[in-house]
Amino acid sequence: MRDPLPLDQLSAIEGLLSEEERLVRDSVRRFVRERYLPRAAALFAKEEFPTDLVPEIAEMGLLGAHLTGYGCAGMNAVAYGLALQELEYGDSGLRSFCSVQGSLAMWPIWKYGSAEQKERWLPGMQRGELIGCFGLTEPDSGSDPGSMKTRAKKDGDGWVLDGAKMWITNSPLAHLAVVWAKTGDGGAESIRGFVVERGTPGFETPRMEGKMSLRASTTGEIVLAGCRVPDANLLPGAQGLAGPLGCLSQARFGISFGALGAAKACYDTVVSYTRERVQFGVPIAKKQLVQAQIVEMASEIAKGEIMALHFGRLKDAGKLTAPQISLCKRNNVGVALRVARASRALLGANGILLDYPVVRHMLNLESVYTYEGTDEVHQLLLGRALTGLDAF
């Protein structure tokens, strides 16, 4: 029996990576395999995020990895994407923690915050001493963030926030939240970003229990009831929906790389399993129907990886557009979910066991398929770009 061709050799991206990019990828790969994977099934089963690993994650420079200054690693887009891919090879919850911290909590402070705000919060967030979350989605406002009901009312030298946010990754763990709220009335209405710190009266983050997806990610709500924050906590550079949507673009790019990590974990499991699983006297990997599915998986993963690398280079050149981000996120998450579902079937009854990573990734990807813009919303965004007509 010949050794199988490694999937990375099919896409042949190795020679297109810099030494630094390979070093980042390989370092995170070791961390995930040595420190996370031995616990992955148990963490998923117990609905537990491994907070004890946060100092190690921070030490590797993975919190705010793509930002510059304030102790951040300043990785380029490709190195950051490869790091997220390796994290999601472990679990989508592990990647989500870093994505939210870096792209949805640190990035808006870095991009829209004042010099004082950056100095106040970013160094501690980079070190993992301060955990952040991102409050945009509401119980009745998901794909249409402009319909949010959370309000911020000016009151003297501060603001009073009232409302509720839902499906907020990291909120029960967070020391601070970047919360988006409507200000003003009528024609003067706008959307502004506020940093709300743990311990502020009227700020609560109850944990959501009973999820069947992203169980190793801590998810909660944000409840704001007469929550008063000072003017110093208003992000001065963000006004209107462009503020939160700019954050989402950063996160969506990372997901484009990350989801392929889950797909690769499923693919590696299937190749190993089908080469060892004997039925009718031969390994099932020798059967044409099985090989056809493996070829389809490998082809789609390789294409997704080439697309992610290309768009990563465009991002580093400052040329990546919003439609391209939608294309990459939608394509690669869809690929990963199809690979996970096909892998579950090829493992037969064993595919539903946590002894194998496939069902865990399959369930996680059901959430990744929906968050940071549903598949349908990205389809509409692409449709608008390609036709010039708005179907929203």
Can we say Ala174 is assigned to a helix (DSSP H, G or I) and under 30 Å from Ala79 (Cα atoms)?
no
Of everything in region 34-50 that's acidic (Asp, Glu) and farther than 18 Å from Ala265 by Cα, which residue is surrounded by the fewest Cβ atoms within 10 Å (Cβ to Cβ)?
Glu48
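Yes or no, residue by residue, for (1) assigned to a helix (DSSP H, G or I); (2) in contact (Cβ under 8 Å) with a residue 24 or more places away in the chain; (3) not assigned by TED's automatic domain parsing to the domain that holds Ile168:
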| residue | (1), (2), (3) |
| --- | --- |
| Ala41 | yes, yes, yes |
| Pro55 | yes, yes, yes |
| Leu63 | no, yes, yes |
| Val78 | yes, yes, yes |
| Tyr89 | yes, yes, yes |
| Phe97 | yes, yes, yes |
| Ser103 | yes, yes, yes |
| Gln117 | yes, yes, yes |
| Arg120 | yes, no, yes |
Does region 251-273 contain any residue that is in contact with a strand residue (DSSP E or B) (Cβ under 8 Å, 6 or more places away or on another chain) and not in a strand (DSSP E or B)?
no
Residues being surrounded by 12 or more Cβ atoms within 10 Å (Cβ to Cβ), among the hydrophobic types (A, V, I, L, M, F, W, C) and either under 22 Å from the mean Cα position of the chain (by Cα) or not in a helix (DSSP H, G or I) (or both): count how many of those fall in region 5-33.
7
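Considering only region 137-155, I want to know if a residue exists there that is farther than 24 Å from Ala232 by Cβ, among the hydroxyl-bearing types (Ser, Thr, Tyr), touching a helix residue (DSSP H, G or I) at 6+ places or on another chain (Cβ under 7 Å) and surrounded by fewer than 21 Cβ atoms within 10 Å (Cβ to Cβ).
Yes, there is a match, as at least one residue in region 137-155 is farther than 24 Å from Ala232 by Cβ, among the hydroxyl-bearing types (Ser, Thr, Tyr), touching a helix residue (DSSP H, G or I) at 6+ places or on another chain (Cβ under 7 Å) and surrounded by fewer than 21 Cβ atoms within 10 Å (Cβ to Cβ).
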Ser256, sole failed condition from (1) touching a Lys or Arg at 6+ places or on another chain (Cβ under 8 Å); (2) surrounded by fewer than 22 Cβ atoms within 10 Å (Cβ to Cβ); (3) not aliphatic (A, V, I, L, M):
(2)
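The values are calculated or read from the model by the stated rules, or taken from the named source; none is laboratory data. Source: prediction; values computed, not measured. We place every Cβ from the backbone using ideal geometry, glycine too, and count neighbours over all the protein chains shown.
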